[in-house]
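The values are calculated or read from the model by the stated rules, or taken from the named source; none is laboratory data. All of these numbers come straight from a predicted model, not from anything done at the bench. Cβ coordinates were reconstructed from backbone atoms using ideal geometry, including for glycine residues, and neighbour counts include every protein chain displayed. Surface areas here come from the heavy atoms of the whole protein model, side chains and all, with no ligands, DNA or RNA. Shrake-Rupley method; radii C 1.70, N 1.55, O 1.52, S 1.80 Å.
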Amino acid sequence: MTIAEERSELAHEPDAGGHHGPSGIYKWLTSTDHKVIGKNYMYTSLVFLMIAGAMAMIIRAQLVQPDGHIVSQQMYNELFTIHGSIMLYLFAGPFAFGGFANFILPLQIGAPDMAFPRLNALSYWLYLTGGTTMLMGFFVTGGAAAFGWVSYAPLSSYTNSPGPGPDLWIVAIALTGFSGIFTAVNLVTTAFYLRAPGMTMFRMPIFTWNMVVTGILILIAFPILTAAMVMLYADRHLGTHFFTVAGGGSPVMWQNLFWFFGHPEVYILALPYFGIASEVFPVFAKKPIFGYKGLVFATLAIAGLSTGVWAHHMYTTGTVLLPFFAALSLLIAVPTGIKVFTWIGTLWGGNLQFKTPMLFALGFLVTFTMGGFSGVMLASPPFDFAVHDTYFVVAHFHQVLAGTAVFAGFAGFYYWYPKLTGRMMRESLGKLQFWIAFIAFNMTFIPQYLAGLRGMPRRIPVYLVSDHVTFLNQVSSVGAFLTGFSFLIWLLNLWISWRKPIAAGDNPWDGHTLEWATSSPPPHHNFTSLPPIRSQRPVWDQNHPEYADYNTEHDGTPKKGVEAK
Amino acid sequence: MKVEYRVYLGIGVFVLLVTVVYFFWAKEYGGAMMLFGTAGLGILPALYLGWWKRRMDPRPEDVEEATMAESKGAVGAFPDHTIFPFVLGIGAFLTALSLVFGAWTAVIGLSLIVFAATSATLESRRGGAV
């Protein structure tokens, strides 16, 4: 079946199909194509990941010895601040909702582009300039911001953190915040208004669903962050007293504002990667996703609950209602558990193929579940009082966030790289990268749980031999260096696929969703024709009519009156 | 539109319930205000989508049996290549930097913003790159 006249008209526009647009750098500067912007986002955020990873290597090198002298203590503070800020604001989020979502979401719903292409381009430029602004901090007098990625008051006041570095950090967060808001508007509008005929909301791929919910959460959370940054800037330069006790303000208010953004933010970072895993598992298990509606409602439940748990980061301030926040935090484990079980249900009895994307997705499942369990422990106030601000918390959030963003992120990268470029990555190198990264990653963070339980505080550049954490830190550092090494294998893989391309074809993984119905890379405005959309897996239905979803029960047996081959 | 409307309404009503519980239990007004505002961010879009849901027939993308031929009219007009988002982005960047390095960057930045915003609007009105 071909698309309707009006849809196919798009393919006959003067600049479609053959497409005689500008080329080279001018094309890069002026493109409003969601595929170009998505790739820009993806590669830019991966560069930021490399920068933040290098900072992590320096931090781990400093902690190999109890009394390390690799960097000065001021530099150490700057490094962990910018490492955290890059990972959270410039990598994990933009890689997913700027990179993957931009490229994949319109393809998955059969749309020719994002709803607001020029706004989309603007949000990329704000992201790039915001990221540059953050890094400029290292080149000004006094150095970069050194108050941690959470920027707690009163440490972030002008008295305690003078100089232009912290101001650059504030401006960077504001710019990337606006970039995120614009992208979110685009994602939600595109999914609501540009779906192809027959693509009902409950036929959208889970990745697209998760991006819609992420978009809604961004629209809730990011404006609060931007407002908080304005207040912080006003406190530093305009003589206001929002967060200073002396002028009648309250430092704890900063924490309330920041975490009212910060807790939805961790789900903004996690949900897109849950979506990637939910795409990879069914394709490599040759099954439809198990419990589709359960996954959708679990995602919505996480979104709703995430707005009511902000103060579980503030138990030790003594100003929050512990039972309320503990109850809501523990409740989040329920929809998250539903997700884990639906993923296991998808794998159960499937015809599993352990290709690189599948390995990375399984790695994500393991690290995320481990980190999730320690999260449930931390939701309990008595336990949190004991380990607050220790390496236990550091290990927890690295396993849930870095584990999710890196493992599910690479699962998505390996899975969609053929669609992005029309080329395959080498499987052998991909698998080697996975096994080194998986072992090294857990080697880095499991010892940190133990160091935290022994009382090692976070954000310290030195510790004592009598703390009995030297060996744990050394194991952790070796793990970190090996994790860094695994990224070099990925770079090598990328370089080989660039120099000696293997053509991917349109649908190398026998994928289920609409992005696999078009060429690799997709043409301008994405589709020349669309398959009929009669289930959640239109491309599978087209390629395997005998096992099409509308002909079979959930377990694959034919429906009554349908003869299977 | 029904599902879109219910997604927003569900989030809005749930957060409103959390707001009421939090307000009467914690008796802390800052958090209650933030929760109340968040509930509004769910309910306001829900009202908009619900308003349209009542006044629209189901769109082809809302109908399970719809065929590609049922899509009426062009999907949309999409701009092609344009330099103005880049100019606008650089303008915003320079304007934001004025908060750190003094007002002179804002002079360049704001001029770029005004130039890019007007040019982009005129570009749309000419009907070229919409």
Only one of (1) part of a helix (DSSP H, G or I); (2) away from every other protein chain (no Cβ under 12 Å); (3) touching a Gly at 6+ places or on another chain (Cβ under 6 Å) is not met by residue A:149, so which one is it? (1)
Being surrounded by 12 or more Cβ atoms within 10 Å (Cβ to Cβ), in a loop (DSSP other than H, G, I, E, B) and out of contact with any helix residue (DSSP H, G or I) (no Cβ under 6 Å at 6 or more places or on another chain) is the filter here, so list the residues in the stretch A:492-504 that pass it. A:501, A:502
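Tell me the helices (runs of 4 or more DSSP H) entirely within the stretch A:21-126 that contain at least 1 residues that are basic (Lys, Arg) and farther than 30 Å from residue A:532 by Cβ. Even if it seems obvious, please write down each step before you answer.
On the way: elements: A:24-30, A:34-62, A:73-85, A:101-108.
In the stretch A:21-126, A:24-30, A:34-62 are the helices (runs of 4 or more DSSP H) which contain 1 or more residues that are basic (Lys, Arg) and farther than 30 Å from residue A:532 by Cβ.
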I'd like to know if the stretch B:90-113 contains one or more residues that are at the interface with chain A (Cβ under 7 Å from one of its Cβ atoms) and closer than 26 Å to residue A:191 by Cβ. no
Starting from the stretch B:11-34, take each residue that is within 24 Å of residue A:299 (Cβ to Cβ) and free of Cβ contacts under 8 Å to residues at least 40 places away in the same chain and list its partners that are open to solvent by 50 Å² or more (accessible area, probe 1.4 Å) and aromatic (Phe, Trp, Tyr), counting only C-beta distances under 8 angstrom and pairs at least six apart or across chains. B:16/B:36; B:19/B:36
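Quick one: which of A:245, A:230 is in contact (Cβ under 8 Å) with a residue 24 or more places away in the chain, open to solvent by 30 Å² or more (accessible area, probe 1.4 Å) and in a loop (DSSP other than H, G, I, E, B)?
Numbers: A:230 fails: in a loop (DSSP other than H, G, I, E, B).
Result: A:245 is the single residue among A:245, A:230 that is in contact (Cβ under 8 Å) with a residue 24 or more places away in the chain, open to solvent by 30 Å² or more (accessible area, probe 1.4 Å) and in a loop (DSSP other than H, G, I, E, B).
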Find the residue count for the stretch A:127-140, including only residues that are within 9 Å of another protein chain (Cβ to nearest Cβ), in a helix (DSSP H, G or I) and of a type in the set (A, V, I, L, M, F, W, C). 2
Considering each residue of the stretch B:79-108, count those that are within 18 Å of residue A:237 (Cβ to Cβ) and not hydrophobic (A, V, I, L, M, F, W, C), and give that number. 4
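Take the residues of the stretch A:6-18 that are over 15 Å from residue B:76 (Cβ atoms) and out of contact with any Asp or Glu (no Cβ under 9 Å at 6 or more places or on another chain): which is modelled with the highest pLDDT?
Of the stretch A:6-18, the ones over 15 Å from residue B:76 (Cβ atoms) are A:12, A:14-15, A:17-18.
Restricting the remaining residues to those that are out of contact with any Asp or Glu (no Cβ under 9 Å at 6 or more places or on another chain) gives A:12, A:14, A:17-18.
Details: A:12: 39, A:14: 40, A:17: 41, A:18: 44.
Restricting to residues being over 15 Å from residue B:76 (Cβ atoms) and out of contact with any Asp or Glu (no Cβ under 9 Å at 6 or more places or on another chain), the top hit is A:18.
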Looking at A:224, A:218, A:268, A:289, which is the one that is in contact (Cβ under 8 Å) with a residue 24 or more places away in the chain, under 23 Å from residue A:171 (Cβ atoms) and open to solvent by 10 Å² or more (accessible area, probe 1.4 Å)? A:224
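For the stretch A:248-265, what are the residues that are open to solvent by 10 Å² or more (accessible area, probe 1.4 Å) and not in a loop (DSSP other than H, G, I, E, B)?
Across the stretch A:248-265, the qualifying residues are A:251, A:252, A:253, A:255, A:256, A:257, A:259, A:263.
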Which one of these does residue B:31 not meet: (1) more than 7 Å from every other protein chain (Cβ to nearest Cβ); (2) small (Gly, Ala, Ser); (3) assigned to a helix (DSSP H, G or I)? (1)
The condition from (1) over 28 Å from residue A:442 (Cα atoms); (2) surrounded by fewer than 22 Cβ atoms within 10 Å (Cβ to Cβ) that residue A:344 misses is numbered (1)
When residues of the stretch B:44-64 are limited to those that are of a type in the set (A, V, I, L, M, F, W, C) and under 22 Å from the mean Cα position of the chain (by Cα), the one nearest to the other protein chains (Cβ to nearest Cβ): B:49
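Mind telling me which of the residues A:214, A:240, A:189 ends up being away from every other protein chain (no Cβ under 11 Å) and in contact with a Phe, Trp or Tyr (Cβ under 8 Å, 6 or more places away or on another chain)?
Details: A:240 fails: in contact with a Phe, Trp or Tyr (Cβ under 8 Å, 6 or more places away or on another chain); A:189 fails: away from every other protein chain (no Cβ under 11 Å).
From the options A:214, A:240, A:189, the qualifying one is A:214.
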